[in-house]
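**Student:** Below is a structure I'd like to ask you about.
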Amino acid sequence: MKTNRRFEILEDKYCPKDIEQKWQRYWFEKGLYQREEDTSKEKFYCLEMFPYPSGKIHMGHVRNYAIGDVVARYKRMKGYEVLHPMGWDAFGMPAENAAIKNGVHPARWTYENINVMKSQLNRLGLSYDWQREIASCSPEYYRWNQWLFLEFYKRGLAYKKRSFVNWCPACATVLANEQVIDEGCWRCNERVVKKELEQWFFKISKYAEQLLEGCDRLQGWPDRVVAMQKNWIGRSIGLEVDFPIKGMDRTIRIFTTRADTLYGATFVCIAPTHPMSEILAGGSPDLRVAIESYGKEEEKFGFFTGRYAINPVNDKEIPIYIANFVLMEYGTGAIMSVPAHDQRDFDFAKKYQLPIKVVIVPEGDSAAGKDYILEKAYEEEGVLVESGQFSGLKSDRARDEIAQYLTKKGLGTFSVNYRLRDWGISRQRYWGTPIPVIYCERCGVVPVPYSELPVILPEEVKFTGVGGSPLLEAKEFICTDCPQCGSRARRETDTMDTFVDSSWYFIAYCLEESQRRASLDKDMGYRIDFQSAFDKAKVEIDRWMPVDQYIGGIEHAVLHLLYSRFFTKALRDMGLISIDEPFKNLLTQGMVCKETWRCTEHGWLFPEEVKDHRCIHCGSHAEKGRVEKMSKSKKNVVDPNILIEKYGADTIRLFSLFAAPPEKDLEWSHQGVEGAFRFLNKVWTIVHKYISKRGPKEVLLNCSKEIDVVASEDRRTRILRKTHQSIKKVSGDIERDFHFNTAIASMMELVNELSVFESETEEDLQVLSTSIENLLLMLCPFAPHIAEELWEAIGKDRSISLYPWPSWDEELAREEDIELVVQVNGKLRGKMVVPRGTEDEQLKMLALQDQKVKGFIEGKTVKKVIVVAGRLVNIVVS
RNA sequence: GCCGGUGUGGUGGAAUGGCAGACGCGGCGGACUCAAAAUCCGCUUUCCUCAGGGAAGUGAGAGUUCAAAUCUCUCCACCGGCACCA
């Protein structure tokens with residue numbers, strides 16, 4: 001008998017490995033998460049940022065995709081038709097670096113990684129529709145990049161210009177402004193230098209105003225992301241003023257936001273790359289120096305050109321300087337310098353002994369006209385002095401009047417400037433979308449005709465790691481005929497920034513499979529009729545876009561999200577789509593962090609290199625470092641695969657959803673994972689205990705034991721009430737900005753109550769059965785495998801994910817007796833239990849009669865009694 | 001410098017004007033066991049205590065309110081974004 005029982009217990013053990021594989025196979029075979037094509041349902045597009053196929057998933061992926069999967073599964077159960085796709089951001093440098101290092105072709109490396117990562121994602125039990133999978137490095141994907149590029153080109157949204165660009169010497173490629181972090185490369189941290197190159201640009205600046213305006217309509221986005229976008233676009237209103245050059249029939253146009261300081265301008269500075277620099281410098285060798293130190297912050301350098309400009313408001317002649325800190329990319333590339341009211345100009349004036357003239361004094365300061373000796377620039381607003389007819393005006397008023405005065409005279413104009421620059425998309429790399437352009441000696445820049453798209457990336461190239469892009473050596477690729485005149489021509493060897501790929505992939509998922517995969521045959525050259533393919537897909541795109549919930553890391557707050565918004569607006573103007581913002585709701589999940597260890601000798605340490613706060617290598621004190629984002633270099637990563645192996649995907653999912661609300665950073669805790677595992681075991685035990693009591697085929701036990709009827713009813717009511725309260729709470733928490741952590745907490749509460757509930761009668765079992773069914777339904781989005789397994793165990797024959805999300809009965813959820821707090825002057829003094837619906841007057845009376853309360857109001861006058869229904873009674877005494 | 005965010009027990013975090021600390025982790029005590037693990041039960045903000053309770057308490061200070069972790073103002077600390085942007 002004893003052995004038999006032991007065997008039973010063994011059989012009932014929660015074994016995640018077995019059940020997870022079983023259900024993953026089941027979902028795959030039934031195609032459960034492919035789109036149902038039921039347009040009667042309301043649509044819900046749930047999207048997580050697609051990963052770069054590095055070859056291994058990390059905890060950041062797990063968290064991101066666990067969050068997304070709960071949303072997708074929940075919405076499905078709520079009756080939506082859910083689109084939940086996944087793909088690969090598959091172009092990029094690591095593949096090329098691997099080719100240089102190990103001799104593996106980037107394509108092979110990438111596709112092998114995709115295979116590995118895909119199986120890892122599947123082990124998490126994520127409910128993706130893999131039918132819609134995309135890989136941005138495949139010709140059937142990037143041909144669309146090329147088509148869109150040519151459409152942009154046709155509309156002047158893509159153009160080529162020679163300019164100073166950010167160059168990363170280590171990566172041997174150009175970087176966009178957005179990819180330069182603290183003057184270093186966003187990828188390798190190498191110091192970025194300026195280099196003059198011919199580059200392709202996307203005219204994102206055309207949409208600066210729209211992108212800014214649209215920010216206010218991004219109600220479903222986190223405030224800080226919207227703020228960062230606004231910051232990046234950086235709009236400022238000011239005045240452009242023409243300064244005539246003395247002795248020349250030309251003017252220099254400057255931009256200023258402080259027209260009120262115009263009388264204080266004592267010199268003019270222009271950028272070294274300004275079109276007038278060459279002429280004004282008159283062959284001075286200093287111009288070289290200025291260009292070389294252009295944009296470098298530590299050294300401010302400038303030189304006098306020998307020419308003078310005339311300040312149009314007072315006809316004063318002031319020297320023209322060429323200065324390295326004046327940026328050609330912002331404003332007009334020229335400024336008027338007002339050292340008295342701009343710290344940077346002040347420093348420059350001090351260095352080159354230029355006059356400083358005060359024209360603004362603090363309001364209420366009667367020292368107007370006195371000689372000021374400034375320690376530093378006075379940058380605040382104030383009242384104008386020494387400013388001709390405008391003296392005495394306040395700054396804001398003066399700005400308007402000066403602007404009007406100059407506009408009338410035709411010397412100035414209102415102007416809006418943006419910090420946002422055009423997006424340089426040329427990359428001198430191999431593993432990216434070839435830019436579909438041909439250079440002909442006779443015809444110049446010739447776009448590749450649509451009928452010849454796509455330009456396929458040649459496979460046979462050498463990866464040496466030296467001498468720039470491998471495409472430069474690919475003669476067969478480069479040499480071609482001009483599509484216009486037929487003479488010999490050269491192909492563009494630069495490829496597109498990979499951010500182009502991710503700027504519209506959310507639309508690619510909407511395209512019918514047949515459109516996306518049309519002419520997969522290599523022999524056909526992946527050729528399709530783009531326009532008509534897009535036209536056919538328009539119904540689908542219009543149905544699914546915008547993305548209802550987008551989920552990803554905060555690191556894309558500017559780059560990817562801004563580019564995607566730009567593409568959406570551009571595509572809208574091209575008539576391809578009908579929306580103007582791509583992502584309705586955005587959730588930026590926090591980072592996954594873990595404690596770190598350091599030793600003065602050996603730097604960062606793995607946890608296993610630390611014993612009793614000592615480094616095992618040198619025995620010196622190992623210091624517990626800060627909690628940092630998991631990274632290889634800080635040696636604080638945990639491998640999701642090992643965890644899945646040990647605890648199962650459900651536990652890992654549950655922990656990463658429970659430990660913190662999704663938008664906050666999550667601190668990894670090994671004990672926390674154990675806790676999540678313990679919870680699932682508890683659920684398992686409860687359900688199996690219930691099944692063994694109930695018997696295998698819903699045959700309820702006949703319990704002859706005599707029990708107190710009233711008491712048992714109370715128990716059952718409590719369980720039933722708790723169940724309905726839990727459904728209400730869990731639903732509410734998910735709806736309220738995805739507060740999964742508190743949703744899981746209330747499921748834990750329910751489980752705690754269920755585990756102490758001893759079922760003895762048929763009625764008990766019925767109540768228990770209801771509770772368990774609801775519990776499993778609620779658990780399903782979070783821990784889908786165990787939910788399926790137990791659902792099957794209690795005798796259901798359809799997958800749990802096909803059942804609707806449970807609803808609660810408000811009546812059943814409501815407490816009969818309410819515990820009411822009694823306060824005296826806002827301080828908690830007593831508690832009383834009253835039946836629901838007790839009148840306010842009655843509550844007042846009861847509160848005043850309370851023994852404990854009496855002690856606090858004795859000898860005092862009751863001024864007021866406040867009753868808050870269902871919550872408290874507050875007695876105000878003095 | 002400008003913009004945004006955060007600050008709560010030993011710890012991750014709950015509570016968005018109405019009982020501060022739900023739930024989890026850790027700790028302490030107990031049950032079971034020959035023993036251990038697992039599991040289960042109880043306690044766990046701090047201080048005072050006549051053992052009934054009482055006082056303090058959400059970075060600091062002020063204010064609004066019958067009532068503030070929550071709203072307003074000032075300050076402090078930390079984190080993030082932008083920054084020679086005219």
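The values are calculated or read from the model by the stated rules, or taken from the named source; none is laboratory data. Here the structure is a predicted model, which is why all the values come from computation and not from measurement. Cβ sites come from the backbone with ideal geometry, for glycine too, and all protein chains shown count toward neighbours. These area figures cover heavy atoms from the full protein model, side chains too; ligands, DNA and RNA do not enter into them. Shrake-Rupley method; radii C 1.70, N 1.55, O 1.52, S 1.80 Å.
**Student:** Mind listing whichever residues of the stretch A:401-428 are closer than 24 Å to A:PRO244 by Cβ and not small (Gly, Ala, Ser)?
**Tutor:** A:GLU401, A:ILE402, A:GLN404, A:TYR405, A:LEU406, A:THR407, A:LYS408, A:LYS409, A:LEU411, A:THR413, A:PHE414, A:ASN417
**Student:** List the number of the failed condition for A:SER755; all other conditions in (1) within 13 Å of RNA strand B (Cβ to nearest atom); (2) closer than 30 Å to A:THR588 by Cβ; (3) of a type in the set (Gly, Ala, Ser) hold.
**Tutor:** It is condition (2) that A:SER755 fails.
**Student:** From the list A:GLY92, A:GLY55, which residue is buried (at least 21 other Cβ atoms within 10 Å of the Cβ), touching a helix residue (DSSP H, G or I) at 6+ places or on another chain (Cβ under 7 Å) and modelled with pLDDT under 95?
**Tutor:** A:GLY92
**Student:** Still on this structure: Could you list, in sequence order, the residues of the stretch A:661-678 that are open to solvent by 10 Å² or more (accessible area, probe 1.4 Å) and either closer than 21 Å to A:ILE554 by Cα or not polar (S, T, N, Q) (or both)?
**Tutor:** A:PRO661, A:GLU663, A:LYS664, A:ASP665, A:GLU667, A:TRP668, A:HIS670, A:GLY672, A:GLU674, A:GLY675, A:PHE677, A:ARG678
**Student:** Any idea which residue in the stretch A:236-292 is farthest from RNA strand B (Cβ to nearest atom), counting only those that are crowded, with 17+ Cβ neighbours inside 10 Å and of a type in the set (Gly, Ala, Ser)?
**Tutor:** The residue in question is A:ALA281.
**Student:** Out of the residues in the stretch A:857-872 that are on the phi < 0 side of the Ramachandran plot and touching a residue at least 24 places away in the same chain (Cβ under 8 Å), which is farthest from RNA strand B (Cβ to nearest atom)? If you could, list the steps in order and put the result at the bottom.
**Tutor:** The initial filter retains those residues of the stretch A:857-872 that are on the phi < 0 side of the Ramachandran plot, namely A:857-858, A:860-869, A:871-872.
Checking the rest, the ones that are also touching a residue at least 24 places away in the same chain (Cβ under 8 Å) come to A:857, A:867, A:869, A:871-872.
Details: A:ILE857: 12, A:VAL867: 9, A:ALA869: 9, A:ARG871: 4, A:LEU872: 5 Å.
Per the criteria, the residue is A:ILE857.
**Student:** I've got another one for you. Going through the stretch A:113-163 one residue at a time, which ones are assigned to a loop (DSSP other than H, G, I, E, B), of a type in the set (S, T, N, Q) and touching a residue at least 60 places away in the same chain (Cβ under 8 Å)?
**Tutor:** A:SER127, A:SER136
**Student:** Right, next: Say we look at the stretch A:679-690 and pick out the residues that are within 9 Å of RNA strand B (Cβ to nearest atom) and open to solvent by 20 Å² or more (accessible area, probe 1.4 Å); which of these is nearest to A:THR596 (Cα to Cα)?
**Tutor:** Residue satisfying both the conditions and the ranking: A:ASN681.
**Student:** Across the stretch A:319-355, what is the number of residues that are within 7 Å of RNA strand B (Cβ to nearest atom), crowded, with 21+ Cβ neighbours inside 10 Å and without any contact (Cβ under 8 Å) to a residue 60 or more places away in the chain?
**Tutor:** Of the residues in that region, 3 qualify.
**Student:** Restricted to the stretch A:376-427, and to residues that are more than 12 Å from A:VAL358 (Cα to Cα) and among the acidic types (Asp, Glu), which residue is most open to solvent (accessible area, probe 1.4 Å)?
**Tutor:** Among them, the one singled out is A:GLU380.
**Student:** I'd like the full set of residues that are surrounded by 18 or more Cβ atoms within 10 Å (Cβ to Cβ), at pLDDT 85 or above and out of contact with any helix residue (DSSP H, G or I) (no Cβ under 8 Å at 6 or more places or on another chain), limited to the stretch A:293-309.
**Tutor:** Correct list: A:TYR308, A:ALA309.
Per-residue answers, yes or no, for (1) among the basic types (Lys, Arg); (2) modelled with pLDDT of 90 or more; (3) open to solvent by 10 Å² or more (accessible area, probe 1.4 Å); (4) outside any strand (DSSP E or B):
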{"residue": "A:ASP535", "(1), (2), (3), (4)": "no, no, yes, yes"}
{"residue": "A:LYS538", "(1), (2), (3), (4)": "yes, no, yes, yes"}
{"residue": "A:GLY552", "(1), (2), (3), (4)": "no, yes, no, no"}
{"residue": "A:ARG565", "(1), (2), (3), (4)": "yes, yes, no, yes"}
{"residue": "A:THR588", "(1), (2), (3), (4)": "no, yes, no, no"}
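**Student:** Same structure, new question: Here are some residues: A:GLU441, A:GLU460, A:GLU513. Which one is at pLDDT 90 or above and either over 30 Å from A:TYR45 (Cβ atoms) or not hydrophobic (A, V, I, L, M, F, W, C) (or both)?
**Tutor:** Going through A:GLU441, A:GLU460, A:GLU513 in turn, just one is at pLDDT 90 or above and either over 30 Å from A:TYR45 (Cβ atoms) or not hydrophobic (A, V, I, L, M, F, W, C) (or both): A:GLU441.
**Student:** Give, as residue ranges, the helices (runs of 4 or more DSSP H) completely inside the stretch A:781-856 that count at least 1 residues that are free of Cβ contacts under 8 Å to residues at least 12 places away in the same chain and surrounded by fewer than 16 Cβ atoms within 10 Å (Cβ to Cβ). Before the answer, list the steps.
**Tutor:** On the way: elements: A:784-793, A:810-813, A:840-849.
Counting at least 1 such residues, we get A:810-813, A:840-849.
**Student:** With respect to A:PHE738, is the statement that it is touching a helix residue (DSSP H, G or I) at 6+ places or on another chain (Cβ under 6 Å), within 14 Å of RNA strand B (Cβ to nearest atom) and outside any helix (DSSP H, G or I) true?
**Tutor:** No.
**Student:** Looking at (1) touching a residue at least 12 places away in the same chain (Cβ under 8 Å); (2) more than 27 Å from A:VAL289 (Cα to Cα); (3) out of contact with any Cys (no Cβ under 9 Å at 6 or more places or on another chain); (4) surrounded by fewer than 19 Cβ atoms within 10 Å (Cβ to Cβ), which one does A:ASN177 not meet, given that it meets all the others?
**Tutor:** It fails just one condition, (2).
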